[in-house]
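Heads up: the structure comes next, in structure tokens.
The values are calculated or read from the model by the stated rules, or taken from the named source; none is laboratory data. Just so it is clear, the structure is predicted and the values come from calculations on it, not from any experiment. Cβ atoms come from the backbone with ideal geometry, glycine included; neighbour counts cover every protein chain shown.
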Amino acid sequence: MDKNQIWDSVLSRLSEKISRMEFHTWFKKVRLKEISGDAALISCPTEMNKNWLETKYKGILLTNIRAVVPAVERLFFQVDLALADSQPSNPAIFDGKKEAAHKPQKVRNEPRVRLAEGVESRIIQSKFTLGNYVVGEANRLAHAACSAVSERGAKAKQYNPLFIYGGVGLGKTHLLQGTANEILRKDPDAVVVYTTSERFTNEIVKAIRDRKTDAFRKKYRRVDALIIDDVQFFEGKEQTQNELFNTFNDLFDFGKQIIFSADRPPSELTGISDRLKSRMGWGLTVDVQLPGYETRLAIIQKKATDMQLVLGPDVEEFIAANVRRSLRELESILKKVGAEWDLSSTPPTVQSVGKIFRKLNPTDSIASTDAAGRGLAKSPEDIITFVAEYFQVPATEILGTSRKQTFVYPRQICWLLCKDVLRMSYEAIGAAFGGKNHTTIMHGLKKIKALVSQPNDPTKGHLSAIRHDLGLK
Ligand code: ADP
Ligand code: MG
């Protein structure tokens, strides 16, 4: 095989493994320059293209080159500007694959629940697992409770029923379905039913109409775990509530697990009978909230990988900073980013993603990534307020000139935070603290940094506690 043939066969393997837009964006003008011994040299049309291949695709590239030429162990990259106007040696790999590679991947939606005469929950999606749920402060308890429940041990008994509540798009359905999948993974014979309040209601209405309520009851009474999503929609549906109440009692008495979700805690549900509400609150009630910046970033990275999108860190951070309502928003942004990339063949930038956000929520202000990394600290005043509170000293003393160590120490901590978090210069910090000389600030920072690096000094602990207060993790 000559090097063009080798490269064509590497490309056609790659085209199966990465998304069409990535393939077009990063590989169309790339060539195999030569193979010599265990080394392959790859030529790229631009510096940026070279960087992307080196940082993001090196592994997959090596694997696929080795599949064709097993001797290759090392990859080298170079820029060859002449490639900018080049055409692929085999354009068909890029054209022909269009349709195939573009086909939306359907998530397999296996009927997981096996029941002879079928409560079949076809809506448990395998893409939601407890393992791919990113855990942060905002959802730690809920996730832990779901994991415990999926173990079906003694703890699960205390958590029965488990009630998870929170606003739209904060991950309730993901957790519920993830728990269903986990129970089934551990025990494939378990009878797990995941349903929504609407489906449950429709099923009851149909059973009543067809005079099959007995069959309905029998079926539900045989489940090992009953999971009902969004129970706030049972509002005003008395007959359904009665059926659920009876089913609940039977399952509960036999120690079967029940999980509910809603947009608010049981006590605040309206239009639901008191006896049902009270039972919903018998076990453990936990909430999910919008995760903080770091967790959002981790979720974006995970979702982007799932969607076969390789985004630059600046773009990921920008999205994390601007998703403020729900994680569903995050997903729809990523989908739009993917679609635009696909259509335009240009990789997304902070600017292009900013436009998508503006279209989606025209009245929102767009946060730069920088501001997001600052948590609650937007100005030196914010930092002084938090530090004064933390050390229980008056803010005026922090800003003052007293040489007492009780004030000098918090003052210098403030300077460090101004430098690290707000990225202020020594001059700017001096100016904000009563017109001090920049050398004073430098000197103070040196002292604090020396303390931070000492193993038994509390300064490091103080700093991380204050950073935590400021929402900086
Ligand atoms: P809800 O049911 O609360 O309205 P969903 O469970 O439908 O919210 O979540 C919306 C989207 O956000 C889903 O795509 C879900 O996978 C994703 N999501 C929510 N929380 C997380 C998390 N902690 N880790 C990963 N993905 C999450
Ligand atoms: Mg939901």
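For this structure, a couple of remarks:
- Test: residue in region 130-147 that is assigned to a strand (DSSP E or B), assigned by TED's automatic domain parsing to the domain that holds Ala215 and of a type outside the set (Gly, Ala, Ser): no
- Listed by first and then second residue, the pairs with beta-carbon distance under 7 Å, at least 6 apart or on different chains, first residue in region 125-148 and of a type in the set (Phe, Trp, Tyr), second within 16 Å of ligand 2 (Cβ to nearest atom) and assigned to a loop (DSSP other than H, G, I, E, B), are Tyr133/Gly171.
Let's see how each residue does on (1) farther than 28 Å from Lys127 by Cβ; (2) more than 11 Å from ligand 1 (Cβ to nearest atom):
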{"site": "Ser267", "(1), (2)": "yes, yes"}
{"site": "Thr270", "(1), (2)": "yes, yes"}
{"site": "Met280", "(1), (2)": "no, yes"}
{"site": "Pro291", "(1), (2)": "no, no"}
{"site": "Lys302", "(1), (2)": "no, no"}
{"site": "Thr305", "(1), (2)": "no, yes"}
{"site": "Gln308", "(1), (2)": "no, yes"}
{"site": "Ile319", "(1), (2)": "no, yes"}
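- Selection from region 434-451 of residues that are aliphatic (A, V, I, L, M) and touching a Leu at 6+ places or on another chain (Cβ under 7 Å): Leu445, Ile448
- Long-range neighbours under 6 Å by Cβ, at least six apart or interchain, first residue farther than 24 Å from Asp85 by Cα within region 45-59, second surrounded by 14 or more Cβ atoms within 10 Å (Cβ to Cβ) and polar (S, T, N, Q): none
- Answer residue from region 431-447, given it is buried (at least 20 other Cβ atoms within 10 Å of the Cβ) and not in a loop (DSSP other than H, G, I, E, B) and is modelled with the lowest pLDDT among those: Ala432
- Checking each residue in region 238-247 for being surrounded by fewer than 19 Cβ atoms within 10 Å (Cβ to Cβ) and either of a type outside the set (A, V, I, L, M, F, W, C) or not assigned by TED's automatic domain parsing to the domain that holds Val168 (or both) picks out Glu238, Gln239, Asn242, Asn246.
- Candidate set: region 5-39, residues that are among the aliphatic types (A, V, I, L, M) and part of a helix (DSSP H, G or I); chosen: the one surrounded by the fewest Cβ atoms within 10 Å (Cβ to Cβ): Ile6
- So Val231, is it more than 15 Å from Ile123 (Cα to Cα), modelled with pLDDT of 95 or more, within 13 Å of ligand 1 (Cβ to nearest atom) and in the same structural domain as Ser150 (by TED's automatic domain parsing): yes
- Of everything in region 150-179 that is part of a helix (DSSP H, G or I) and either of a type in the set (Phe, Trp, Tyr) or away from ligand 2 (no atom under 16 Å from the Cβ) (or both), the residue that is nearest to Lys303 (Cα to Cα) is Ser150.
- Search result, residues across region 143-167 that are within 14 Å of ligand 1 (Cβ to nearest atom), closer than 20 Å to Arg279 by Cβ and not hydrophobic (A, V, I, L, M, F, W, C): Tyr165
- Boolean, Leu170 is in contact (Cβ under 8 Å) with a residue 40 or more places away in the chain, surrounded by 18 or more Cβ atoms within 10 Å (Cβ to Cβ) and within 12 Å of ligand 1 (Cβ to nearest atom): yes
- Residue that is nearest to ligand 2 (Cβ to nearest atom) [pool: residues in region 292-328 that are under 15 Å from Tyr133 (Cα atoms) and hydrophobic (A, V, I, L, M, F, W, C)]: Leu327
- Here is the figure for region 367-401: residues that are hydrophobic (A, V, I, L, M, F, W, C) and at pLDDT below 70 total 3.
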